[in-house]
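Enquirer: What follows is a single structure, and I will ask about it in a moment.
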Amino acid sequence: MKEPKLTPLIKQYQDIKKQYPDCILFFRLGDFYEMFGEDARISSKILNIALTSRQGYPMCGVPHHASIPYIEKLIRKGLKVAICEQLEDPKKSKGLVKRDVVRVITPGTVIEENILDGKTNNFIGSVYFENEKSCGFVYGDISTGELYLTEEYEDGFNFIMNEISSLSLREIIVNDRGYELLKGKFENVYLRLTDFSELEGKEKLKEILGVENLIGYELEDKNLSLKAFNAFYRYLIETQKREITNIVRINFYRKNDRLYLDDISIKNLEILKNVYDGSKRGTLIDVLDKTKTNMGARLLRKWLLAPLIDVKKIKERQEKVLFFYSNRDILERTRDILDDILDLERIVSKVSFGSANAKDLVSLKRSLKKVKELKQILPEFNINSLDDVYDLLDSSIVENPPASLNEGGIIKEDYDERVKRLNQEVEEAKKWLLNLEERERKRTGIQSLKVGYNSVFGYYIEVTKPNLKLVPSDYIRKQTLVNSERFITPELKEKESIILSANERRNALEYEIFVSIREKVKERVKEILELSNTISEIDVYSTFAFVSLEYNYTKPEVDDGDLIEIIEGRHPVVERNVRFTPNDTLIDRNENQILIITGPNMAGKSVYIKQVALIVIMAQIGSFVPAEKARIGVVDRIFTRIGAGEDISRGLSTFMVEMTEVANILNNATEKSLIIMDEVGRGTSTFDGISIAWACVEYLNKIPLKPRVLFATHFFELTELQELLNGVKNYNVSVREYKGKIIFLHKIVEGATDKSYGIHVASLSGIPKEVLERAKEILRELEEEGRRKVQREKPEQLDFFLKEEVIKEKIKRIDINNITPIEAINILAELKKDIEK
Ligand SMILES: Nc1ncnc2c1ncn2[C@@H]1O[C@H](COP(=O)(O)OP(=O)(O)OP(=O)(O)O)[C@@H](O)[C@H]1O
Ligand SMILES: [Mg+2]
């Protein structure tokens, strides 16, 4: 591109742009944000706006008052938008207006309400990978002021992959190593490569928390997370261009303090999104989320992603739910009040960022008023209703202030004497003006004389043409219209300037007072955020109670034992849509360690095994569960292998995905894990499939960890395992034939399925008798063959028929015409070894 001659404006633009090379610079020019050069080319395409040029520079622009949707589009693409404002009033400044960037908006640092979804957090993360195994990780939401830190030393990469997808991170600050590891792994997750070498994180954290050391927060020697925090904080400062004062809720967590749900399980169990269209319909969160506030909705989501494993804590939550459950009247009133409490966290973040206007503070005040009511009906929740903040706001800010902070009308007169005096001055002058019309009509005798106002001339006196001869000599002509003329008088101008200057002074004063009130509120940010914690918890507890009453859930017994016993359990989502048949479950780490569930298609196998996992999750977040009765021995990980999904993005076939997931389960199961496996081995040929499924069950039964397993399968062969292995139990989902039709009873009963059932079903379908007879014959043969092959005494030799295949293959490969006797003997020896192995 040829260098255009630089005007001072373009020079100013370039100087600023140089400091923000990786951002789209929104350069404020009057009422527009303009983009130039490459920025303009990129943005005009994404935003679908016209590309023009200014002095040879490509240029495009968006109106400043409607810029939000444009900014949103750009950051959705992962771009950063640097907002460059005019820092002085162009009317008052001589020459070039001073400009600078006031904030950089990125996908993870948005605070604009119109862009954010109220019910989900907008987290930004920072990860420092020391190597593939160890890393420090931080994530936070600047629109709600919460921050979480953790470290991982064994499984760093997988852990971070999981966190990124379950937290829906869009933007992550990474070091070189992290960049290498995470690059290309996700679509729509934007990595920001940064230098992590400085270590001031610790000092910064101490300062924010106001503590001498970080021991109380378990962070004293967590150097990896402190490094991640350091880069995180620096990025926030760089983008927000001010101190971040609302991040005061800081938590250190460990992967193992909670029921660890990996992203595969979150997906398979349809906790947040369904597998059909990715929406919330038909998910666990959809059933449970009857919260009244956005804060509550966000908390519920967090709880669902991190159920507890500490029995004491689970019981504490249950107690709170029970309180609302058994006090319906209080429950209803609580929910009514919560309806009127706004998103305190996001109001507070605006207060911290200095972007809250008077309407925001009035919202805060109204919410605090509701909090007072809540406190009255819920004395046991120790609500700090911050009455003094309420009083401050109530005494100072009018009920319906304008959105603009520069036009006055914000501060209550009685709050400040000066405002009152200025208002009086204005009022008096206005009264004088009001009477002026009457007075002048009398004085001049012009009955149609009018006093008016316009923005160009200010106040004037208007006289129609026929009456011009009556105009007195002190009138000064200002403007001539078709039918009339407008005049001013010195006195009129004097009063006008009183009004204007008093108005102006009052507006400035009100602004100043407002800012000082906002500062006072800002000093209380920490307490307001604590209050919002309390409110969100109350919202979630009462929601659990509400849902339990509505859907007939019961409080589960939760303990540290191995037993999961569910009487008349239901699938929380499926039962919302069909008449549901409840089912019992009994699983432990002894006699009932592995449940093999068989049954024809559509019988309800998959629903059943998922229902157990969902009930466990619900119990461990403190909710009641869809069952007559339940006892849950706490689970620390839920593994799922469900459904036939391919992962085209990672280039894995259906079967490869299945096997990778199975491998993950076998390698990482713990003694407190619950494993849900649906049709493992279906993705390949029958014999391979059966062998793999068989070997998995054997392995899970053999290892001393003895994790609890629910295994749904079409392979009836697996039901033989019950007799071979201690701890394996057969169940099937019963169906019944009635008047020539099959009725799905959806009832889980002990024992294996009747194997001839498939052909039985076929016989009902009109298939010729001859074909059916032949099918039965084949079935008998296959069954006998199967029995011969699977040797009961030595079940570990199931790979027998695999071995047979291997040996056959080796013999086939021998090229009889081209083999030396020595080679022949070697092969023979190898084959013999194969057989004896
Ligand atoms: N306990 C139940 N009560 C009522 N309806 C049920 C129950 N369990 C399952 N169903 C219904 O049956 C349908 C099929 O259930 P599910 O998907 O679990 O069958 P499946 O045995 O896994 O079948 P396939 O072998 O084809 O995978 C469900 O979509 C649901 O509508
Ligand atoms: Mg199924």
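The values are calculated or read from the model by the stated rules, or taken from the named source; none is laboratory data. Just so it is clear, the model here is predicted, and its values are computed rather than measured. Here the Cβ positions follow ideal geometry from the backbone for every residue, glycine too, while neighbour counts run over all protein chains shown. Remember, those area values only see protein heavy atoms, side chains included, never the ligands or the DNA or RNA. Shrake-Rupley method; radii C 1.70, N 1.55, O 1.52, S 1.80 Å.
Enquirer: Looking at Arg477, Arg518, which is the one that is open to solvent by less than 40 Å² (accessible area, probe 1.4 Å) and among the charged types (D, E, K, R)?
Expert: Going through Arg477, Arg518 in turn, the sole match is Arg518.
Enquirer: For the stretch 311-366: of the residues being at pLDDT 95 or above and of a type in the set (Val, Ile, Thr), which is surrounded by the most Cβ atoms within 10 Å (Cβ to Cβ)?
Expert: Ile341
Enquirer: Looking at (1) closer than 29 Å to Asp289 by Cβ; (2) among the small types (Gly, Ala, Ser); (3) part of a loop (DSSP other than H, G, I, E, B), can you tell me which one Gly683 breaks?
Expert: (1)
Enquirer: Quick one: in the stretch 584-604, which of the residues that are open to solvent by 10 Å² or more (accessible area, probe 1.4 Å) and within 16 Å of ligand 2 (Cβ to nearest atom) is modelled with the highest pLDDT? Write out each step before concluding.
Expert: Narrowing the stretch 584-604 to residues open to solvent by 10 Å² or more (accessible area, probe 1.4 Å): 584, 586, 588-592, 600-602, 604.
Narrowing the set further to residues that are within 16 Å of ligand 2 (Cβ to nearest atom) leaves 600-602, 604.
Details: Pro600: 81, Asn601: 76, Met602: 78, Gly604: 90.
Among those that are open to solvent by 10 Å² or more (accessible area, probe 1.4 Å) and within 16 Å of ligand 2 (Cβ to nearest atom), it is Gly604.
Enquirer: For the stretch 550-600, how many residues are touching a Gly at 6+ places or on another chain (Cβ under 9 Å), within 16 Å of ligand 1 (Cβ to nearest atom), in a loop (DSSP other than H, G, I, E, B) and polar (S, T, N, Q)?
Expert: Looking only at that region, the number is 2.
Enquirer: Can you confirm whether the stretch 706-714 contains a residue that is assigned to a loop (DSSP other than H, G, I, E, B), in contact (Cβ under 8 Å) with a residue 24 or more places away in the chain, open to solvent by 40 Å² or more (accessible area, probe 1.4 Å) and hydroxyl-bearing (Ser, Thr, Tyr)? Show your work before the answer.
Expert: Step one: of the stretch 706-714, the residues assigned to a loop (DSSP other than H, G, I, E, B) are 706-707, 713-714.
Pick out the ones that are also in contact (Cβ under 8 Å) with a residue 24 or more places away in the chain and you get 706-707, 713-714.
Then keep just the ones that are open to solvent by 40 Å² or more (accessible area, probe 1.4 Å); that gives 706, 714.
Next, only the ones that are hydroxyl-bearing (Ser, Thr, Tyr) stay: none.
For the stretch 706-714, residues assigned to a loop (DSSP other than H, G, I, E, B), in contact (Cβ under 8 Å) with a residue 24 or more places away in the chain, open to solvent by 40 Å² or more (accessible area, probe 1.4 Å) and hydroxyl-bearing (Ser, Thr, Tyr): absent.
Enquirer: Scanning for something under 20 Å from Ile271 (Cα atoms) and open to solvent by less than 30 Å² (accessible area, probe 1.4 Å), does the stretch 681-689 turn up at least one residue?
Expert: No; the residues of the stretch 681-689 include none that is under 20 Å from Ile271 (Cα atoms) and open to solvent by less than 30 Å² (accessible area, probe 1.4 Å).
Enquirer: If I ask for residues that are open to solvent by less than 50 Å² (accessible area, probe 1.4 Å) and outside any strand (DSSP E or B), which ones from the stretch 715-749 would you list?
Expert: Residues satisfying the conditions are Phe715, Leu718, Thr719, Glu720, Leu721, Leu724, Leu725, Gly727, Gly740.
Enquirer: Does Leu386 fit the bill of being open to solvent by less than 20 Å² (accessible area, probe 1.4 Å) and under 24 Å from Ala356 (Cβ atoms)? I'd like the intermediate steps shown before the answer.
Expert: Working: open to solvent by less than 20 Å² (accessible area, probe 1.4 Å): yes; under 24 Å from Ala356 (Cβ atoms): yes.
In short, yes.
Enquirer: Residues that are among the β-branched types (Val, Ile, Thr) and crowded, with 16+ Cβ neighbours inside 10 Å: find the helices (runs of 4 or more DSSP H) completely inside the stretch 138-222 holding 1 or more of those. Please lay out each step first, then the result.
Expert: Numbers: elements: 156-166, 176-182, 201-209.
Qualifying helices (runs of 4 or more DSSP H): 156-166, 201-209.
Enquirer: Go through the stretch 417-452 and give me each residue that's of a type in the set (S, T, N, Q), assigned to a helix (DSSP H, G or I) and farther than 22 Å from Ile513 by Cβ. Full working, then the answer.
Expert: Filtering the stretch 417-452 for residues of a type in the set (S, T, N, Q) gives 423-424, 435, 444, 447-448.
Pick out the ones that are also assigned to a helix (DSSP H, G or I) and you get 423-424, 435, 444.
Hits for the stretch 417-452 are Asn435, Thr444.
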